[in-house]
Ligand SMILES: *Cc1c(COP(=O)(O)O)cnc(C)c1O
């Protein structure tokens, strides 16, 4: 038997047909300009104390938990820290869903990892696609809530990736009530710093089925350290602590995250967020001026989505010139849509210049 056949035959049956996640990073490794993964363009400096690297770290570093709880306005026992929000998604699925029996709900077009994570644990994925205006389809969710075996988790992303839209407070309140006593409603707030007044963090005392995902990967400019947080009632956090690895957060990660969450770190993040928001406004104007470009969704996060008739030709041109953006056209309702992350001034300018060059070359 060949090694490939052997590995394939031995693998779990629900894993056999899966393909590794096509992260923005895996899709294209070259390029000088990366506007494809909603990362921050700012690489901020940190100090590292290497005097304890011979010791295992705390599972949940107390100073870090305290700093994040304070930042988010919740109690320390309502926070768990993990390797990015992606691990938070996985912990929720592992802790609450029974393989080949339970399901989760996603509201596409949305972030891909909810379904991918569920697939790796043999958990069914139900879909309640967003309405044409990207609001939640409340009647579809209502029907799902009435099922005999209701889903364990309902993932709602706000601001939503890749549409940049926020879910109205009143809609989310409806969803929390629909699933009360049945399912956890997981609000993914990965981009909440770009829309801070819309956070649901302050409501976890009010709803015992509310879970919030957060990350340092986006506004805090720390995608490389892999650090995210899940906020929920202390009872839900206790369940998640049963399944998390013993040492998920390495010592240097905790040190860097603590500095990012200091008063100085938060102020710096807020300055960078408002700069990115200014750049975003001017990109909206510039991009809407391109021939037949249609702005899709909203500007509640650090990216923009446009429907572009020549999407494939343009993507190929940008890749050839070393600038990467993300094709979202495979998602429900997003035919010909491209997502542009907001970069620094130089990156945004390179983007606009290359697109102008694309249309000039097409004309000649
Ligand atoms: C980027 C992103 C995440 C993942 O964040 P990490 O903390 O880097 O794992 C989660 N949810 C959404 C919607 C994202 O866009």
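Quick note: the coordinates plus some simple rules give every number you see, no bench work behind them. Computed from a prediction, not measured in an experiment: that's the story for all the values here. So basically every Cβ, Gly included, is an ideal-geometry build from the backbone, and we count neighbours across all protein chains shown.
Suppose only helical runs count, i.e. DSSP H with n ≥ 4. What mean residue ellipticity at 222 nm does that imply for the chain under -39500 (n - 2.57) per run, divided by all residues and rounded to the nearest 500 deg cm²/dmol?
Working: 13 runs with 141 residues, N = 364.
It comes out at -11500 deg cm²/dmol, rounded to the nearest 500.
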How would segment 68-224 be classified by its alpha-carbon gyration tensor: rounded, prolate or oblate, with rounded meaning a/c under 1.5 and the a/b versus b/c comparison settling the rest? rounded
With an 8 Å Cα cut-off and a minimum separation of 6 or more residues, compute the relative contact order for segment 1-132 in percent. 21 percent
Would you look at the GNM of the chain, springs on alpha carbons closer than 10 Å, and say which of 100, 183, 82 moves the most? 100
Need one number: % antiparallel among DSSP beta bridges in the chain, to the nearest 5. 50 percent
Per-pair calculated FRET efficiency, R0 = 51 Å: residue 2 and residue 277 via Cβ, rounded to 0.05: 0.40
At 7 Å along Cα-to-Cβ for each site, give me the label-to-label distance between residue 77 and residue 11 in nm. 4.3 nm
On each of the three principal axes of the Cα atoms of the chain, give max minus min coordinate, whole Å, ordered largest first. 64, 58, 52
For segment 1-142, what is Rg from Cα atoms divided by 2.2 N^0.38 Å, rounded to two decimals? 1.38
Treating every alpha carbon of segment 64-155 as one equal point scatterer without solvent, the Debye formula yields log10 I(q)/I(0) values at q = 0.10, 0.13, 0.16, 0.24 Å⁻¹ of -0.33, -0.54, -0.76, -1.11
From fewest to most C-beta neighbours within 10 Å, the residues 216, 334, 275, 304 line up as 275, 334, 304, 216
Starting from the Cα of residue 70, move 7 Å in the Cα-to-Cβ direction to define the label point; list residues of segment 245-260 whose amide nitrogen is under 13 Å from there. 258-260
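Only counting other Cβ atoms within 10 Å, I'd like 1, 315, 113, 269 sorted with the fewest neighbours first. All intermediate terms of the calculation are to be shown ahead of the outcome.
Details: 1 8, 315 17, 113 20, 269 23.
Fewest-to-most ranking of 1, 315, 113, 269: 1, 315, 113, 269.
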So which residue, out of 188, 49, 137, gets the largest mean-square fluctuation from a GNM of the chain using Cα contacts under 10 Å as springs? 49
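By its C-alpha gyration tensor, with a ≥ b ≥ c as the square roots of the eigenvalues, how is segment 270-364 shaped: rounded for a/c under 1.5, else prolate for a/b larger than b/c, else oblate?
Numbers: a/c = 1.75, a/b = 1.27, b/c = 1.38.
Taking the square roots of the gyration eigenvalues as a ≥ b ≥ c, segment 270-364 is oblate.
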Modelling each spin label as a point 7 Å along the Cα-to-Cβ direction, I'd like the residue 133/residue 206 distance in nm, to one decimal. 2.2 nm
Based on the alpha-carbon gyration tensor of segment 113-178 and its eigenvalue square roots a ≥ b ≥ c, which shape applies: rounded if a/c is under 1.5, prolate if not and a/b is larger than b/c, or oblate? oblate
Starting from the 7 Å offset along Cα-to-Cβ, what nm value, one decimal, do you get for the label separation of residue 32 and residue 174? 5.0 nm
Taking 8 Å as the Cα distance limit and 6 or more residues as the minimum spacing, I'd like the relative contact order of segment 103-226 as a percentage. 21 percent
Average Cα contact separation per residue, the chain, under 8 Å, 6 or more apart, as relative contact order %: 23 percent
Of 52, 14, 32, which is the most mobile in a GNM of the chain whose springs link Cα atoms less than 10 angstrom apart? 52
If you look at just the Cα atoms of segment 226-284, how large are its Rg and its Dmax in Å? 16.5, 47
